[in-house]
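The values are calculated or read from the model by the stated rules, or taken from the named source; none is laboratory data. Only a predicted model underlies this, so the values are computations on that prediction, with no experimental measurement involved. Quick reminder, even Gly has a Cβ in these numbers, built from the backbone with ideal geometry, and neighbours come from all protein chains shown. To get the accessible areas, we keep the full protein, side chains included, count just its heavy atoms, and leave off ligands, DNA and RNA. Shrake-Rupley method; radii C 1.70, N 1.55, O 1.52, S 1.80 Å.
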Amino acid sequence: MSRKADPDRFNVTKDALLPGLFFALLVRWCVAAYPYSGQKKPPMFGDYEAQRHWQEITVHMQIKNWYYNTTQNDLQYWGLDYPPLTAYHSLLMGLVADWLDPESVRLFASRGYESDTHKTFMRWTVFLSDIYFYVTAVLCICIDAERVKPKDQKNVFKRMDIASILFLLYPGLILIDHGHFQYNCVSLGLFLWAAFFIVAIENDVLATIFFVLALNYKQMELYHALPFFCYLLRKCFIGLPPKGKIKHIVSNFNKLAIAVISCFILIWYPFTGSWNDILQVIHRVFPLKRGVFEDKVSNVWCFINVFVKLKTVYTNEDMAQMCLVATAAAVLPSCLDLFFRINKKKFVLSLINVSLAFFLFSFQVHEKSILLVAVPVAMHFPEDPFMCFWFLLMSNFSMLPLLLRDGLLIPFIATNVIYICFYSISIKLAQPSAGFFSFFNANRVFKTVHTTKNENSVLVNLLSVNFFFSVFGMFWLLVASLFIVPPPSYPDLFPLMISVYCCSHFLLFFIYFNHQQFSIPVSLPAVTKVKTK
Amino acid sequence: MKKWKYKGRFRVYLPRFSALKTKILNRSTDFEVHRNWLAITHNLSIDQWYYDSTSEWTLDYPPFFAWLEYILSHMAKWFDPKMLHVTNLNYDSDMTILFQRLSVMALDLIYILGVKSCSNLIGNGKLLVFILLVSNPGLLMVDHIHFQYNGLLYGFLLLSISNMITSNYIQAATWFAVLLNLKHIYAYVAPVYIVYLLRAYCFTISSSDGIHTPWYSFSITNLFKLAITVTIVFILSFGPFIDHLPQLLSRLFPFKRGLCHAYWAPNFWALYNFGDKVLQQILPKLGINVPKLEASMTGGLVQEYDHIVLPTIKPWMTFILAGFSMLPALIKLWCLCADRRYRALSFIRCLIVCATCSFMFGWHVHEKAILMLLIPLSFMSVLGDEDGKLFLIISTVGHYSLFPLLYPKNLLAIKIFMLLTHTAIGFGNIPSLYEVPQKSKSSKRRRAFMRLPMLSHIESLYIYGLLILCIYENVLHAAFGLDRTLPFLPLMLTSVYCSIGVFYFWIRYYYYFLTFNLSKLPMVGSVNLSVYAKKVN
């Protein structure tokens, strides 16, 4: 197709894209220079060792034995507890590691293997996965955000370059993936691709396939499953021709069903020897015996645990049932709203609401799961920068105890300062009169989005004050947890305070985002694509 | 709308933070050097400073720098007093590292001040210059990762330049004298200051033809003022050491070192050495005998080295070469100084030319010295299209040539992305300043495939060559298994390849400066700095 014939030509702003992109990657490498979780901490080490161990297992074991406890595969020592796609990814990296440095993946002998070269190698694997899955998806989503922007709207956060730089500089993911060491970028990248296919391309089959891939990389993607399910199911029932409705519904549904099933079969094929094999994998992936939460997580159960010691009152099974009921109640409004009053904006908000509900109420939540909420929030960022920015800051802060344990204090501060600077500068781009700290002013930020509307009400001013005190609180909690030694009877005082502080915020955000979702009308204004002459 | 103006805004605050983050990565010998100087200045009395040789890293900077270390050492007490023990060699506690890194960052404020004072003089492109200078990857690498205090020194240089532009000659001379007493390497560009101050300040009348010098307007008072200022600075600096001057000078100018640093800086001597090596291999095959010598230059251990085929170079030769290569530029500067409006620009250009000459031919040049031309050139890059174009080439090559300074493999990606960010800012913004507005749409030609903006095909190819070089060095060389037999080949390739670029830059820029005449003005995108030109007296 020649350039002229392309019916969908559009222009995006690319001014700051290249320097910004390189800078975002530079920040990743600067963080990567810091220690990873469990560095030089035998006998169990940390997530880094887990990933290395999986490479070792997948390279040297029969594929059937990956999830079984055998003489060679001690499941107590970082047994594989992610779905098969993670295992395949580990296998791929393990093969490369085996080629470069066989010692690093030798069976048994390599436990606790650490060296600078190996660290660099592992960092490269994360970096390349990040670029391949996550960065590309972010770029596509940001290009689309500018493509569908009405021509007269001057929302600086929808400018492609600024949106993508802010998205890529989100500190939480950088710190966890490149500092703490995990591969969240892969599952989140696949998830973003799935969301991109729904929001931008409207290709439901591709969206399904990518979401199934994401789900098979990390089971935590289940947090996002309900909105996808509701949206895709509902899409089967709309836009029907007048004749042969039922046939159409069935064929729509079948397409998706075939996509899901064939994907699952392809991925799980090596484990389909017997039902036992499949059940063993599922048992490994969803362990019930681990308890309702491990460390201090900013969710409701940890919050309640401050007053009532849940673990002594209820058994694990009781807890699991309570979690199930609470979660179901929390996700229901958002899902029902999405199902009956479907549109694309609600879809993104519903992703936020459902994943936040899971984070707050479900069983076996980890601090890092907040990333699953943060990424949809970052997608929503251009629509509502003030609240989303607040949320994203809070989500970084909620992971502080974890990062402090890993010795990532300096990168934590630096990436956050960088992030705030970029945000502040973006506001200055829209309003040259803005100062550095004008991001505290909700009214100003709202004006960058809706240039025409004037919302200088008491509520907005109150919001600014709240935001200021919230950041103020974060700052002093950070200072306190660094410099004040907690009383010996409460060694976990500050992590607990942080988690309670964050949890109360998250609850309020939960209400706010639900409200936002409900207040979006069913029919959106028609999208006018910006075309060049 | 000046779109580009916003682009770079993103970077304003950031490089300093990224510097903060890389702080624990790599500590070079320079780290220990500065710790040792802290200890020397803190514990010993003044007359011992230049005699102490407990550590092999003796104090070899001029007195002002010693005083600076003395002041810093009093703050260092609060962090970790143990680092101030003279005998505590190679001491590196966490607090020591923290203190040293913080001191670099704090002293960088002077650099930012200098950058600010320079960039504020420019109309169109103010922000771009600020960002280019602040995000300079060379300084980040040398100061914040490798560890030195170059930011402080270049801050003084920029302050001096900005004062020169605004015709505050006395202040400019003062700042430069202070700079000389902080680090004497800047003596290489002192001739430019002497010529310029003489012509622009001591001769009060300026003619516009550029040839005729109005000798009758020589102002002895101005010369006297200048001399007094500079002398006072030097007395302040060297005064306390007046009894130990010979010892001090012998520390400042050691000639025991070799022609080239362990890693050849990309200058003329790198090509010379390379030629020697090549001839050494080729001549025996042609049947000509060459004497055998075991020493290897790139080994890093050998300080003195004799060339085998080509004549061996002595220190005095390099000085004569550097001096003679500067001479035409200085004469040209004398002529160009006649025009009051544009002489400040000529001054900076001449500064760049002379810095390049000294870099090309100097004795024992460090690769870091390339910053001496890169930093003034960043300032010039928005003031003339030829400057901008050559800046794009030399900033890429010059910063690349600093890569071997940080040899640990885990720093590779940081170096690359630092350079890429900087080049992306440069290549993205500078060309748009000099774009000639197209008359009709049809005449708008698309740039040829893969050709970089403003550069010709060959120059673009050369820049892409760096990419191949980088891949070869880091991946292929080891993959071919050559890292055992020829461990120093990548280093040699880098310095030879980069020296070609620097050589090209030197010739082009020299030619540009020598053929520069005022009829070429005004250039597209050029800025009128003449508003700052004041009449002397």
How large is ³J(HN,Hα), in whole Hz, for each residue of the range A:218-230 in order, when computed from phi with the Karplus curve 6.51 cos²θ - 1.76 cosθ + 1.60 and θ = phi - 60°, using x for Gly and Pro?
9, 5, 5, 4, 4, 3, 9, 5, 4, x, 4, 4, 4
Show me B:417-423, A:505-511 ranked by packing, highest mean number of other Cβ atoms within 10 Å first.
B:417-423, A:505-511
I'd like the Karplus ³J(HN,Hα) series for the range B:122-137: coefficients 6.51, -1.76, 1.60, θ = phi - 60°, whole numbers in Hz, and an x wherever there's a Gly or Pro.
8, x, 9, x, 3, 5, 4, 4, 4, 5, 4, 6, 5, 8, 4, x
Does the range A:1-109 come out rounded, prolate or oblate, given a ≥ b ≥ c as the square roots of the eigenvalues of its C-alpha gyration tensor, rounded meaning a/c under 1.5 and, failing that, prolate meaning a/b above b/c?
prolate
For B:Arg251, A:Arg106, A:Arg341, what's the largest-to-smallest order of accessible area, 1.4 Å probe?
A:Arg106, A:Arg341, B:Arg251
Taking the dipole about the Cα centre of the range A:375-498, with the C-beta of Lys and Arg at +1 and of Asp and Glu at -1, give me whichever of A:Leu478, A:Leu393, A:Tyr419 is farthest to the positive side.
A:Tyr419
On the Cα set of the range B:123-251, report Rg and Dmax in Å, please.
17.8, 53
Convex hull of Cα atoms in the range A:154-313, direction-averaged projection (nm²):
15.4 nm²
Relative contact order of chain A: what whole-number percent is it, with Cα pairs under 8 angstrom and at least 6 residues apart?
20 percent
The range A:79-224: relative contact order in percent, alpha carbon pairs under 8 Å with at least 6 residues between:
28 percent
Sorted by chain and number, the residues with a modelled amide H under 5 Å from that of B:Val365, at a separation of 5 or more or across chains, are B:His261
Taking N as the number of residues in the range A:401-444, what is its Cα Rg relative to 2.2 N^0.38 Å?
1.50
So what's the net charge close to A:Lys158: Lys and Arg +1, Asp and Glu -1, counting the other residues with Cβ under 13 Å from its Cβ?
-1
Taking 1 over the mean of 1/r across every pair of different Cα atoms in the range A:82-212, what Kirkwood radius in Å do you get?
16.7 Å
Cα-based equivalent ellipsoid, the range B:308-427: semi-axes from gyration tensor eigenvalues, Å
28, 24, 9
Please list the three semi-axes, largest first and in whole Å, of the ellipsoid equivalent to the range B:133-178, using sqrt of 5 times the eigenvalues of its alpha carbon gyration tensor.
25, 11, 4
Rounded accessible area of B:Ile507 (nearest 10 Å², 1.4 Å probe)
90 Å²
In the range A:72-161, which chymotrypsin sites (Phe, Trp or Tyr not before Pro) are in a loop and have at most 10 other Cβ atoms within 10 Å, using DSSP for the loop call?
A:Phe108
In cubic angstrom per residue, the convex hull of chain A built on its Cα atoms measures 184 Å³
Which of A:Lys296/B:Lys415; B:Lys77/B:Lys225; B:Lys368/B:Lys409; A:Lys149/A:Lys243 exceed 30 Å between C-alpha atoms? The answer is A:Lys296/B:Lys415; B:Lys77/B:Lys225; A:Lys149/A:Lys243
Semi-axes of the protein assembly as shown from the Cα gyration tensor (sqrt of 5 times each eigenvalue, largest first, whole Å) come to 57, 35, 30
Once you mark the GluC sites (Glu not before Pro) that are in a DSSP loop and have at most 14 other Cβ atoms within 10 Å, what is the longest gap between them in chain A?
A:1-201
By the Cα gyration tensor axes a ≥ b ≥ c (a/c under 1.5 gives rounded; else a/b larger than b/c gives prolate, otherwise oblate), the shape of the range A:319-394 is oblate
Charge dipole of the range A:178-250 about the Cα centre (unit charges at C-beta), most positive-ward option of A:Leu213, A:Asn203, A:Ile238:
A:Ile238
What pairs from A:Lys158/A:Lys344; A:Lys218/A:Lys311; A:Lys235/A:Lys255 go past 21 Å between their alpha carbons?
A:Lys218/A:Lys311
About the Cα centre, charge dipole magnitude for chain A (Lys/Arg +1, Asp/Glu -1 at Cβ), debye:
1860 debye
Counting just the Cα atoms, what span does the range A:367-475 cover along each of its three principal axes? Round to the nearest Å and put the largest first.
46, 25, 23
Shielding by partners, peptide A:413-422 (average Cβ within 10 angstrom, other chains)
4
Express in Å², to the nearest 10, the accessible area of A:Phe446 obtained by rolling a 1.4 Å probe over the protein heavy atoms while all chains stay in place.
40 Å²
By accessible area (1.4 Å), largest first, B:His244, B:His74 order as B:His74, B:His244
Let me know the shape class of the range A:62-115, please: from the alpha-carbon gyration tensor, a ≥ b ≥ c as square roots of the eigenvalues, rounded when a/c is under 1.5, otherwise prolate if a/b is greater than b/c, or oblate.
oblate
Please list 3J(HN,Hα) in residue order for the range A:166-182, calculated via the Karplus relation 6.51 cos²θ - 1.76 cosθ + 1.60 where θ = phi - 60°; whole Hz, with x for glycine and proline.
4, 4, 6, 8, 3, x, x, 5, 4, 5, 6, 6, 9, x, 5, 5, 7
